[in-house]
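Worksheet: one structure, shown below.
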Amino acid sequence: MCGIVGYLGNRQAAPILLDGLAKLEYRGYDSAGICVFSDGKLKVAKAKGRLANLSGLIDGGRAISGTVGIGHTRWATHGAPSDVNSHPHMAESGKIAVVHNGIIENYLKLKEELVRKGKTFCSETDTEVVANLIEYYYDREKDFAEAVRDAVGQLEGSYALGILCQDYPDTMIAVKKESPLIFGFGEGENFIASDVPAILRYTRRVVYLDDGDMVVFTKDEAKFYDAFFDPVEKKIETVDWDISAAEKGGYPHFMIKEIHEEPKAIRGTLSPRIRDGRVVLDDIELSKEYLEKIRRIYIVACGSSYYVGCLGKYILEKTCRIPVEPILASEFRYSEPVLGEDTLCIIISQSGETADTKAALEEAKKRGARTLAIVNVVGSAIAKAADDVIYTWAGPEIAVATTKAFTTQLCVIYLIALYIADNLNTISPKEYAAIVDELMVLDQKVALCLTAEKIEKIRYYAEQYFSVRDAFFIGRNVDSAICLEGSLKLKEIAYIHSEAYAAGELKHGPISLIEEGTLVVAVATVDQLFDKTMSNVKEVRARGADVFGVTTEKHAEEIKKTVPSVILVPETHPLLQPSLTIIPLQTFAYYVALLRGCDIDKPKNLAKSVTVE
Ligand code: G6P
């Protein structure tokens, strides 16, 4: 949460900072601010609300001249979203300016000490404490880098910090611990940012900073230090994806662009890992001997990634015959989980930085389990910490509500399932080949769910139902798990109260909430359970619900007997079916949110990467 960016070079900093912040707004959008060296003084501008407010305030950056600056977009933690709590924060005397992503856990104690030493504060934030602490050491030591080093030594918690000092107009310092931070090398200019898209327009050469790292830089030079303040060499990586991947490219929202990118993302994730009809996972080191020892698999994640875990239970248990338990990371970490060397922990995270998921990973490692992470963001904390990592090659996902990251995570689950099942001989060669054959054409089948005709139909249903107050998503087996994600999509971007239930469970409580005009989305793709789900549909229709059904083409005629509004998806192997079923559910949520006038890419109160508990 929160995004930071820094620029030091020969160009005007403010427009570059605003541009970078626009690419980071997915991380939080409660307020934004910048600080620029302008006529030798640290000049700050900040505004509550969206970045557009700040941009308007400073005329798109033209109102503040200067070639060195830091910027911030905030997801409020300490103190309400307000101008005064917005970053950058200045130390009391105005000598030090700081932008911060993370949480300083001991800030109250530090604040009390600083107050005793005579410092005064104007905001409720933990970040203002950091600025004052640095200033305190700077006043004693008169050296910018040493002051930062000493102040950082006092901090507990997580932080990525960009820091300017009034007396060092051509230097910037950045430090990182448990919050993401990259350094970008330009020609006669250098950058820091929370994420690659913020600086990709200017450079592709980046260093992914490690925890404890500090970089002290000018426009021509960068010196890196480790946690002990010893100089370190860092590996420069080249970002190989294009800036267009982080822009809307003619679509009105990132979400719908990312939905349309799903076939490509699925292809990119699957095709390098299927060779001559076999799943090849070069990225990981899970030996046959190790796999034979596994007695249990946990899948640990948050949000939509957790729902991939819920699907993973059906897919892995069916193919590998090992008990699988999907569990929310926030629960897992405090549940004293029963695990050891015979447990594989699959950790799923798009961002690779979700605080609960990362802590759960550490807990699993501590208890002796092997960890295998499925991550989208290269070089992220979870990717680095796990024993093995398989990347989803979905490209940058900007919309807060995940779509293409979700479907590619699911693809990795299919690959892992086949890989383990093959090693354990729990799958017949025929079944293995049948799934691989379908994986090879999965991208094309997803594309068939996104034809103009299909989209038109979804829009039509969105128009029918966009004003409902309550929605229930029901299904059985894998359909019940995909309902969890379909329901979350509607809830988070269209702000409609929505719940997902296993269809057979409806009669044990939630059916009492069904009344005239309640929307029930019935997903019925599992052949053996189709009739049972239709019985549940009849029960809700009898109580006045409007039903919108999703099923496979082969059930087209049958479903019409029970459900008037239907979306058909192509058929695939039953275990892969959720990859197709989710597409109309995502697009339905998108068009409903559009008709309700919601801010689709930045739903209220949410952020894309959640680095707080
Ligand atoms: C946030 C996002 C969700 C995401 C969840 C877990 O809540 O809005 O889309 O599923 O975090 O994020 P992760 O990056 O760990 O997958």
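The values are calculated or read from the model by the stated rules, or taken from the named source; none is laboratory data. Bear in mind the structure is a predicted one, so any value in this text is a computation, not a measurement. Methodologically, a virtual Cβ is constructed for each residue, glycine included, from the backbone with ideal geometry; neighbour enumeration extends over all protein chains shown.
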What number of residues in the stretch 280-299 are under 23 Å from Glu362 (Cβ atoms) and surrounded by 12 or more Cβ atoms within 10 Å (Cβ to Cβ)?
11
Just need a number here: residues in the stretch 64-112 that are under 23 Å from Pro169 (Cα atoms), of a type in the set (Gly, Ala, Ser) and touching an Asp or Glu at 6+ places or on another chain (Cβ under 7 Å).
2
Could you give every pair whose Cβ atoms fall below 9 Å, whose first residue belongs to the stretch 87-101 and is surrounded by fewer than 24 Cβ atoms within 10 Å (Cβ to Cβ), and whose second residue is among the small types (Gly, Ala, Ser) and assigned to a loop (DSSP other than H, G, I, E, B), counting only separations of at least 6 or pairs across chains?
Glu92/Gly118
From the list Gly9, Gly56, Gly28, pick out the single residue that is under 25 Å from Pro180 (Cα atoms), surrounded by fewer than 21 Cβ atoms within 10 Å (Cβ to Cβ) and in the same structural domain as Ala222 (by TED's automatic domain parsing).
Gly9
Considering (1) within 14 Å of the ligand (Cβ to nearest atom); (2) closer than 30 Å to Val436 by Cβ; (3) not acidic (Asp, Glu), say which one Leu344 fails and leave the rest.
(1)
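Considering only the stretch 327-349, state which residues are over 24 Å from Tyr26 (Cα atoms), of a type in the set (Ser, Thr, Tyr) and buried (at least 21 other Cβ atoms within 10 Å of the Cβ). Outline the logic, then answer.
To start, the set of residues in the stretch 327-349 that are over 24 Å from Tyr26 (Cα atoms) comprises 327, 331-346.
Next, from what is left, pick out any that are of a type in the set (Ser, Thr, Tyr): 334-335, 343.
Residue satisfying the conditions is Thr343 alone.
Taking the stretch 317-341, which residues are of a type in the set (D, E, K, R), over 18 Å from Ile416 (Cβ atoms) and either part of a loop (DSSP other than H, G, I, E, B) or away from the ligand (no atom under 16 Å from the Cβ) (or both)? Talk me through it step by step, then tell me what you get.
Quick first cut of the stretch 317-341, residues of a type in the set (D, E, K, R) only: 317-318, 321, 325, 331, 333, 336, 341.
This time we only want the ones that are over 18 Å from Ile416 (Cβ atoms), so: 331, 333, 336, 341.
Once the filter is applied, which keeps residues that are of a type in the set (D, E, K, R), over 18 Å from Ile416 (Cβ atoms) and either part of a loop (DSSP other than H, G, I, E, B) or away from the ligand (no atom under 16 Å from the Cβ) (or both), the stretch 317-341 yields Arg333, Glu336, Glu341.
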Looking at (1) outside any helix (DSSP H, G or I); (2) more than 9 Å from the ligand (Cβ to nearest atom); (3) surrounded by 24 or more Cβ atoms within 10 Å (Cβ to Cβ), find the lone condition where Gly352 falls short.
(2)
Out of (1) in a helix (DSSP H, G or I); (2) away from the ligand (no atom under 16 Å from the Cβ), the one Asp283 does not meet is (1)
Can you find even one residue in the stretch 62-74 that is polar (S, T, N, Q), buried (at least 20 other Cβ atoms within 10 Å of the Cβ) and within 13 Å of Glu128 (Cβ to Cβ)?
no
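Residue-wise test of (1) assigned to a helix (DSSP H, G or I); (2) in contact with a helix residue (DSSP H, G or I) (Cβ under 8 Å, 6 or more places away or on another chain); (3) under 30 Å from Ser194 (Cα atoms); (4) modelled with pLDDT under 95.
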site	(1), (2), (3), (4)
Leu568	no, yes, no, no
Ser579	yes, yes, no, no
Pro584	yes, yes, no, no
Thr587	yes, yes, yes, no
Ser609	no, yes, yes, yes
Taking the stretch 31-53 and the residues there that are in contact with a Pro (Cβ under 8 Å, 6 or more places away or on another chain) and surrounded by fewer than 21 Cβ atoms within 10 Å (Cβ to Cβ), the one that is farthest from Ile243 (Cα to Cα) would be Gly40
Within the set of pairs 6+ apart or on separate chains, which have a first residue in the stretch 344-356 that is among the charged types (D, E, K, R), a second that is assigned to a helix (DSSP H, G or I), and C-beta atoms under 7 Å apart?
Glu353/Ala381; Glu353/Ile382; Asp356/Ala329; Asp356/Ser330
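Restricting to the stretch 495-522, name every residue that is on the phi < 0 side of the Ramachandran plot and touching a Pro at 6+ places or on another chain (Cβ under 9 Å). Give the derivation first.
Quick first cut of the stretch 495-522, residues on the phi < 0 side of the Ramachandran plot only: 496-508, 510-516, 518-522.
Glu499, Tyr501 - these are the residues of the stretch 495-522 that are on the phi < 0 side of the Ramachandran plot and touching a Pro at 6+ places or on another chain (Cβ under 9 Å).
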